[in-house]
1. Just need the relative contact order of the chain here, percent rounded to a whole number, with Cα pairs under 8 Å and 6+ apart.
2. Please report, to two decimal places, log10 I(q)/I(0) for the chain at q = 0.09, 0.13 Å⁻¹ as given by the Debye formula with identical point scatterers on the Cα atoms and no solvent.
3. Once amide H atoms are placed 1.01 Å from N in the peptide plane, what residues at a sequence separation of 5 or more from ALA20, or on another chain, have their amide H within under 5 Å of its amide H?
4. Just name one of LEU55, ASN75, ALA86: the one whose Cα is farthest towards the positive end of the charge dipole of segment 42-112 (beta-carbon charges, Lys/Arg +1, Asp/Glu -1).
5. Helix-derived [θ] at 222 nm for the chain: sum -39500 (n - 2.57) over DSSP H runs of at least 4, divide by residue count, nearest 500?
6. What angle, in degrees between 0 and 90 and rounded to the nearest 10, separates the Cα long axis of helix 33-71 from the longest principal axis of the Cα atoms of the chain?
7. Treating only the Cβ of Lys, Arg, Asp and Glu as charged (+1, +1, -1, -1), what charge dipole size does the chain show about its Cα centre? Round to the nearest 20 debye.
8. Per 0.36 nm of contour for each residue apart, how much would the distance between ARG47 and ALA20 grow if the chain were fully extended, relative to their Cα-Cα spacing?
Amino acid sequence: MRERTFYPHKCPHCNKTFEASGKPVPGMTIYCKQCTQLLMKIKTLERKLQQDASLIQKEDAEIAEQINNLLVRENISEKDQQIVTALTKKLKVDEKRRKKILKEIKKLQKEEK
Ligand SMILES: [Zn+2]
């Protein structure tokens, strides 16, 4: 059985020195365990945000169309007015959700230091 050799590496993210198997290769980035976990967390959140954004964008377009369809009518009934209000509210809720995820990412990025 071959012994595993550990070499000192410098994390490009936190600048800490750590040991890892495998010689440091110029141009190849190896992060320390902590930063790897942190960066993975950030990536997962960013992916979630992206998925969310594309989903919301589609929903946004649908909602905008619904609002538009209601507004082009000559006489907007009270019920239509309520629907418009409800749809507008929904757009705001989605916006909040997006901002919440962005905040989480920013918080994680602050922890890096
Ligand atoms: Zn690090």
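Laboratory data are not the source of any read-out in this text; all were calculated from the coordinates shown. Note that the structure is predicted; figures quoted are calculated from it, not measured. Heads up, the Cβs are rebuilt from the backbone with ideal geometry, glycines too, and the neighbour counts pull from every protein chain shown.
1. 25 percent
2. Rounded to two decimals, the profile gives -0.48, -0.69.
3. TYR7, HIS9
4. Of the listed residues, the answer is LEU55.
5. When only DSSP H runs of four or more count, the value is -23500 deg cm²/dmol.
6. It works out to around 10 degrees.
7. Dipole about the Cα centre, nearest 20: 840 debye.
8. Between ARG47 and ALA20, full extension yields 6.9 nm more.
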